[in-house]
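Peer 1: Would you mind keeping the following structure in view while I ask a few things?
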Amino acid sequence: MFKKCYRSAMTRLEGVLIIALIAVSVVAGYAWYMATMAPTVSARQTITIVDSAGRYVTVPWPVKRVVALTTDAAMTIVALGAKDVIVGITKYAASEPWAPNVTVVGSSFSPNIEAIVSVKPDIVITYVRWPKPEDLEEKLEPFGIKVVRLDLYKIETLFSEVKLLGLLLNRTEETEALINYWKGVYENITSRVSELAPENKVKVYFETYTDFKAVGPGSGWDQILRLAGGINIYADAPVTYPVVTSEDVINENPEVILKAVSTSKFDPYNATDDTPLKQIWESIVNRSGWNQIDAVKNGRVYIICAGLLHDSFGLVVELAYIAKLLYPSLFADLDPKELHRHFLEDNLGIPYAGIWIYPHE
Amino acid sequence: MSKRRVFVLMLLVLALPLIVFISMSVGVLPVSPLGLILASLSPNHEVNPVAWAVIWYLRLPRALMAVMAGAVLAIAGVVLQGSLRNPLVSPFTLGVSSGASFGAALAIVLGVGIVGMGAYLIMANAFVFALLATFITLGIARLRGMTAESVILAGIAVMYMFSAGVTLLQYVAREWELTELVYWLMGDLSKASWHRLRYTVLAVIVCIPLFKFAWDLNVLMMGDDAAKSLGTDPSMTRVACACLSALAVSIVVCMTGPIGFIGLMAPHLARLVVGSDHRFLMPTSALIGALLLSTADLVARTIMMPLELPVGVVTAFFGVPLFVHLLLRTRREIWR
């Protein structure tokens with residue numbers, strides 16, 4: 001009996017002691033936290049945004065140092081007139097004529113975490129799906145570097161993503177101007193296309209860098225063709241990049257043929273001689289049996305150089321080029337070359353040069 | 001064991017921590033474990049938190065991953081070469097890598113997996129299909145009495161089947177998925193983290209029982225009939241070795257992707273050093289495998305800094321000439 005009382009008393013005493021200990025350590029911990037962390041926290045404003053991956057991200061604001069893990073992000077930041085905030089760039093973007101001369105941090109598929117850490121960025125911008133969070137966010141977490149995921153390569157989300165990026169960089173005015181310009185061009189094209197009667201739409205065969213590899217649903221090219229009012233003859237293919245037969249293309253009888261040429265085959269920006277494009281063009285029109293195709297008969301076979309046109313606002317320029325090739329009379333007043341010049345000179349700050357379409361008038 | 005062998009073994013044992021240390025001292029940021037130790041011993045104990053985080057969260061897990069993955073691949077290689085009596089066998093002969101590749105491709109391209117695990121879908125899928133491939137191989141081989149030839153031929157058949165599956169998935173993949181898949185198929189250690197290291201430890205643990213088979217493997221090298229007369233059941237040994245090594249290798253491969261050549265080369269290099277007694281051959285192979293992969297990863301990380309090469313490329317590029325050199329230099333027969 002006595003023993004029991006004694007023990008319960010001890011328990012109570014122990015309980016009080018433990019609570020007191022916890023209270024003291026919480027207060028001490030809080031004081032320590034305030035003393036050590038508070039100054040660094042209050043030193044910079046932060047902003048919480050929802051990125052394209054649908055996650056809440058709290059980042060220092062305005063963002064002053066960015067690692068762009070995608071060409072699209074780097075190009076958009078340059079177009080926003082904020083070239084100097086880029087402190088790290090991918091190996092692909094680094095070779096572009098508009099790229100800032102900063103540290104290369106690998107590629108979006110194999111980023112070098114140490115290289116990212118070494119340039120002390122406020123944020124890293126990458127695609128929604130790549131790299132995987134366990135390869136990027138998890139590894140950057142010990143260094144307190146935040147990741148913002150923006151695609152910037154899809155025309156349907158481009159404008160809202162650019163707006164968010166402008167907000168992060170505290171460049172809302174430049175962003176507004178840029179978006180208004182390109183959105184105006186985009187809506188001008190798509191609204192005119194939407195008035196086209198289905199029977200007036202042209203059938204298009206689009207060939208990728210590889211011979212006889214067409215574009216199917218889900219590919220970027222297919223989407224651009226649709227926005228430009230073309231009917232992609234392989235829009236219902238079971239795969240994204242179907243390999244087709246010569247016979248089938250002849251049978252489909254497209255009214256326009258477009259062929260994309262990769263930058264590694266032909267560097268459009270630095271090109272002065274169009275002979276390589278001419279050779280590709282001739283190899284297409286001379287494919288056996290293709291003289292039966294309307295596009296070949298009517299001289300509507302075109303080569304498009306993909307470099308610089310496949311990222312960020314370059315997509316709108318590309319859309320303009322293709323829309324005009326498909327419907328020259330509908331878009332008689334549209335000047336893709338002028339848009340292209342504006343994009344290169346006024347947005348990216350590089351001289352307008354090169355050969356982008358063949359045959360060019 | 002001759003003095004020379006002991007000497008070489010000692011060298012290997014010393015070289016491993018050395019290469020780990022060097023590997024942890026090299027990178028884009030000029031930080032090293034030595035610098036950290038010196039800083040913490042200095043009067044004001046000022047350790048740069050970034051330096052500490054780089055060493056602790058980035059370089060150490062990766063270095064340890066290289067050591068363990070290399071050791072596991074090498075042990076699996078030596079055990080399978082021994083139990084199947086064939087110098088061309090590697091851990092991937094049972095179809096592990098092609099199964100894993102197919103699983104990863106399914107996850108990357110179609111986003112489907114046998115187990116829905118979100119962020120770890122690719123890893124889980126690769127693991128499940130690596131084991132599946134092994135079981136199909138062993139299942140086919142069983143029908144032919146689990147002879148060495150039947151296991152190897154079944155493995156080759158399964159490998160071609162899953163490779164065809166990967167090719168098909170590559171064909172239907174979109175360009176981004178294709179790029180992601182190609183990166184996965186090249187195999188590298190950049191995914192190493194403390195979290196993933198736990199699974200790698202598991203792979204090492206799975207390898208431990210294999211050491212018990214060292215004597216059986218020695219006997220098996222003399223042929224199935226001789227082994228039977230000495231009391232070793234060839235097909236039992238084969239199944240046990242194949243299952244354990246496939247499990248261990250699957251765990252490694254599902255995290256790193258298929259890193260070729262280590263599992264083939266390390267056992268042969270070890271044979272040059274200690275001969276073909278599996279009691280010595282197995283630990284030596286493990287050491288050499290760990291050393292090779294650590295060195296290869298060091299090269300992969302630094303040769304084109306800040307770009308990283310996939311370590312699988314490096315193991316082949318630098319390993320093959322070394323291997324051929326050793327093979328030509330040695331006078332005695334190393335196999336058997």
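Peer 1: Let me know the charge dipole size of the protein assembly as shown about its Cα centre in debye, to the nearest 20, where only the beta-carbon of Lys, Arg (+1) and Asp, Glu (-1) is charged.
Peer 2: Once rounded to the nearest 20, the dipole reads 3500 debye.
Peer 1: Taking the DSSP beta bridges in segment A:45-170 as the whole, what percent of them are antiparallel, to the nearest 5?
Peer 2: 35
Peer 1: Would you mind calculating the relative contact order of chain A from Cα pairs under 8 angstrom and at least 6 residues apart, reporting the percent as a whole number?
Peer 2: In percent, rounded to a whole number, it is 13.
Peer 1: If you don't mind, there's one more thing I want to ask. What shape does segment A:135-261 take by its C-alpha gyration tensor, where a ≥ b ≥ c are the square roots of the eigenvalues and a/c under 1.5 counts as rounded, a/b above b/c as prolate, and the rest as oblate?
Peer 2: oblate
Peer 1: With each label point set 7 Å from Cα along the Cα-Cβ vector, what nm distance links B:THR147 and B:VAL172?
Peer 2: Here the answer is 3.9 nm between the modelled labels.
Peer 1: While we're looking at this one, here's another question. How far is the Cα center of segment A:321-354 from the Cα center of segment A:213-258, in Å?
Peer 2: Segment A:321-354 and segment A:213-258 have Cα centres separated by 24 Å.
Peer 1: To continue, here is another question. Residue by residue through segment A:192-206, what is 3J(HN,Hα) from phi via Karplus (6.51 cos²θ - 1.76 cosθ + 1.60, θ = phi - 60°)? Round to whole Hz and write x for glycine and proline.
Peer 2: Couplings: 5, 5, 5, 8, 5, 6, x, 6, 8, 6, 8, 7, 10, 9, 10 Hz.
Peer 1: What translational diffusion coefficient, in µm²/s and rounded to a whole number, does the Stokes-Einstein relation yield for segment A:45-170 at 20 °C and a viscosity of 1.002 mPa s, taking the hydrodynamic radius as the Kirkwood radius over Cα pairs?
Peer 2: 152
Peer 1: Could you state the number of Å between the C-alpha centres of segment B:232-293 and segment B:46-100?
Peer 2: That distance is 11 Å.
Peer 1: Whole-Hz ³J(HN,Hα) for each residue in segment A:283-300, computed from phi via Karplus 6.51 cos²θ - 1.76 cosθ + 1.60 with θ = phi - 60°, x for glycine and proline: what do you get?
Peer 2: Once θ is set to phi - 60°, the couplings for segment A:283-300 become 5, 6, 5, 8, 4, 5, x, 6, 5, 7, 7, 4, 4, 6, 4, 8, x, 10 Hz.
Peer 1: Output the direction-averaged projected area (hull surface divided by four) of the convex hull of the alpha-carbon atoms of chain A, in nm².
Peer 2: Result: a mean projected hull area of 26.4 nm².
Peer 1: Could you tell me how many degrees, from 0 to 90 and to the nearest 10, lie between the Cα long axis of helix A:155-168 and the main elongation axis, the longest principal axis, of the Cα atoms of chain A?
Peer 2: Helix A:155-168 and the main axis of chain A meet at about 40 degrees.
Peer 1: Where in chain B lies the longest segment free of GluC sites (Glu not before Pro) that are both loop residues by DSSP (not H, G, I, E, B) and have at most 10 other Cβ atoms within 10 Å?
Peer 2: B:47-332
Peer 1: Any idea what the dipole of chain B comes to, in debye rounded to 20, about its Cα centre with Lys/Arg Cβ at +1 and Asp/Glu Cβ at -1?
Peer 2: Dipole of chain B, to the nearest 20 debye: 820 debye.
Peer 1: Only helices at least 24 Å long along their axis, Cα-based, and averaging -1.0 or more on Kyte-Doolittle count here, so list those DSSP H runs from chain B.
Peer 2: The qualifying helices are B:3-25, B:60-83, B:121-143, B:148-172, B:234-256, B:278-302, B:311-329.
Peer 1: Using Cα pairs closer than 8 Å and at least 6 residues apart in sequence, work out the relative contact order for chain B, in percent.
Peer 2: 27
Peer 1: Between B:LEU34, B:LEU178, B:LEU244, where does the largest GNM mean-square fluctuation fall for chain B, given springs only between Cα atoms within less than 10 Å?
Peer 2: B:LEU34
Peer 1: Can you tell me the relative contact order of segment A:196-358? Whole percent, Cα pairs under 8 Å, sequence separation 6 or more.
Peer 2: Once normalised by length, the contact order is 23 percent.
Peer 1: Then there's this: Where the convex hull is taken over the Cα atoms of the protein assembly as shown, what is its projected area averaged over directions, in nm²?
Peer 2: The directionally averaged projection comes out at 44.8 nm².
Peer 1: Kindly provide the Kirkwood hydrodynamic radius of segment A:269-361 in Å, to one decimal, from all pairs of distinct alpha carbon atoms.
Peer 2: Answer for segment A:269-361: a Kirkwood hydrodynamic radius of 14.4 Å.
Peer 1: Three principal axis extents, largest first, for the C-alpha atoms of segment A:196-358, in Å?
Peer 2: 45, 36, 30
Peer 1: To the nearest 500 deg cm²/dmol, what mean residue ellipticity at 222 nm is calculated for the protein assembly as shown from DSSP H runs of n ≥ 4 alone, each contributing -39,500 (n - 2.57), summed and divided by the residues?
Peer 2: About -18000 deg cm²/dmol.
Peer 1: Choose one of A:LEU168, A:HIS342, A:GLN292: the residue whose Cα lies farthest towards the positive end of the charge dipole of chain A (beta-carbon charges +1 Lys, Arg; -1 Asp, Glu; about the Cα centre).
Peer 2: A:LEU168
Peer 1: Right, something else. Hey, can you grab everything whose amide H is under 5 Å from the amide H of A:LYS146? Only 5+ residues off in sequence or another chain; H modelled, so Pro and N-termini drop out.
Peer 2: A:VAL124
Peer 1: Another question about this same structure. How many Å³ per residue does the convex hull of the Cα positions in segment B:31-260 occupy?
Peer 2: In segment B:31-260, the Cα convex hull volume per residue is 135 Å³.
Peer 1: In segment B:258-287, whose amide N lies under 20 Å from the spot 7 Å out along Cα-to-Cβ of B:LEU11? List them in ranges.
Peer 2: Counting backbone N atoms under 20 Å from the label point, the list is B:265-277, B:280-287.
We did not get these values from a lab; they are worked out from the coordinates using the rules stated. Everything numeric here is computed off the predicted structure, so don't read it as measured data. Quick reminder, even Gly has a Cβ in these numbers, built from the backbone with ideal geometry, and neighbours come from all protein chains shown.
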